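*Asks:* Pasting a structure below so you can have a look.
Just so you know, all these numbers are worked out from the coordinates, no wet-lab data involved. Source: prediction; values computed, not measured. Glycine also receives a Cβ, built like all others from the backbone with ideal geometry; neighbour counts cover every protein chain displayed.
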Amino acid sequence: MSLRTLNVHLYTDSLELVRRTWPVIEAKAEEVGVRLFLLFFRTNPTAVNLFSFRAEYPLEQSAGMRRHASDVVRSLGEVVSDKHDGRSLQRNLHALAARHAKYGVQAEDLEDMFECLFVVAKEVLGQVWTKEMEAAWKSVWTGFRLIMEPTLIAATCPFKMGDSELKAIEYLATPQQKLVLSSWKIIARDTRSYGVRLFLKMFQLSPTSLKLFSFANDTPLEESPRLASHAELFMGKLGFIVSHLDIERTTIPYLQSSSALHAELQVEPQHFVLMGKAMLWSWQQGLGDAWTLEVQHAWEKLWVTVETIMKPVLKQARESVSRKKMRELEVMFSKKRD
């Protein structure tokens with residue numbers, strides 16, 4: 001969905017339906033906000049560390065959380081009630097995302113928060129929550145999320161690609177996107193198995209790559225809970241990319257941010273190639289007859305796109321890490337001389 005399509009999509013009956021129900025939500029702003037955050041923290045226990053009230057227990061009685069929860073609901077209400085044009089709506093959403101990015105909020109947190117909002121809204125609205133209303137809420141909040149995500153993601157990555165590098169990116173055509181999405185639906189049923197198989201194959205192709213991971217000494221490796229956890233984390237991030245195939249403003253900064261993070265972990269460009277080979281092999285083993293030549297080509301092209309975006313940023317980030325280490329060594333040696 002392009003931003004142009006998204007603007008039209010938001011200014012439809014869906015947005016009007018949400019606006020019509022929002023006064024019910026806003027009238028119970030504190031109650032809705034508290035229930036929203038408590039559900040969010042149950043879903044993501046570590047997320048509480050993002051907030052100033054993290055040490056206030058029990059949370060449901062925290063005055064700080066109640067104030068913040070009410071403010072969040074009212075801020076969302078201001079966006080929902082925005083009667084201006086699409087550009088105004090986008091500016092407000094980008095500003096909202098930018099404020100939260102300063103506190104370490106990530107795109108995944110935003111997605112989880114909106115999922116929790118659906119649950120709480122359904123409970124609060126009661127009989128008003130029809131199938132039509134549910135579809136409208138999902139439509140509007142998905143649209144809001146897709147506008148906010150690039151701002152959140154870009155804030156986590158100080159490294160950018162040059163214009164020539166951006167022009168070199170070859171995106172998947174619509175038929176290839178559909179092939180990736182349809183095969184991912186099968187893969188998503190058992191991400192742990194697909195992910196673990198992928199990493200085991202990568203270690204088979206390059207035994208030295210195992211030393212990059214905290215579970216390197218776990219035996220037997222195929223039964224390592226830490227390997228399984230890391231594999232599921234990788235599959236979750238890959239799923240995020242797959243669900244945003246046609247939204248370049250989200251996928252590019254997301255991959256750039258991920259690449260910069262991996263530079264700190266001593267990842268090198270050839271590891272992306274290994275990962276791609278292992279991924280294709282794992283998919284082939286799991287999909288069986290569904291792994292056609294067309295599906296293979298679609299996933300190959302997707303991974304080439306991933307590499308094209310991540311490698312330049314990895315290079316920049318690795319150079320930055322090297323300079324940082326050199327400065328640390330210089331400081332250390334100067335102290336010894338003193």
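*Asks:* For the charge dipole of the range 3-154, defined by +1 on Lys and Arg C-beta atoms and -1 on Asp and Glu C-beta atoms about the Cα centroid, which residue among PRO45, LEU125, VAL72 has the Cα displaced farthest towards the positive pole?
*Replies:* Value: VAL72.
*Asks:* Kindly rank 101-108, 283-290 from highest to lowest mean number of other beta carbons found within 10 Å of each residue.
*Replies:* Highest-to-lowest ranking by the protection proxy: 101-108, 283-290.
*Asks:* Please compare each pair in LYS277/LYS315; LYS237/LYS315; LYS211/LYS315; LYS178/LYS201; LYS28/LYS102; LYS167/LYS211 to a cut-off of 32 Å on the Cα-Cα distance and tell me which ones are over it.
*Replies:* LYS167/LYS211
*Asks:* May I ask you to compute the full-extension gain from VAL24 to THR219, defined as 0.36 nm times their residue separation minus their alpha-carbon distance, rounded to one decimal in nm?
*Replies:* This chain segment gains 64.7 nm when fully extended.
*Asks:* If you don't mind, there's one more thing I want to ask. What nm distance separates the two modelled labels at GLN204 and GLN266, each placed 7 Å from Cα along Cα→Cβ?
*Replies:* 2.5
*Asks:* Under the 0.36 nm per residue contour assumption, what length would be gained going from the current alpha-carbon distance of LYS131 and ASP13 to full extension?
*Replies:* Result: 41.1 nm gained on full extension.
*Asks:* How much length, in nm to one decimal, is gained on full extension between GLU111 and ILE186, taken as 0.36 nm per residue of separation minus their Cα-Cα distance?
*Replies:* Residue separation times 0.36 nm, minus the Cα-Cα distance, leaves 24.8 nm.
*Asks:* Taking each pair of distinct Cα atoms in the range 3-154 once, what is the resulting Kirkwood hydrodynamic radius in Å?
*Replies:* Here the Kirkwood hydrodynamic radius works out to 15.8 Å.
*Asks:* Can you figure out the FRET efficiency of ARG54 with GLU31, using R₀ = 22 Å and their beta-carbon distance, to the nearest 0.05?
*Replies:* It comes out at approximately 0.55.
*Asks:* Alpha carbons only, please: Rg and Dmax for the range 107-242, in angstrom.
*Replies:* Every Cα atom of the range 107-242 included, Rg and Dmax give 19.6, 59 Å.
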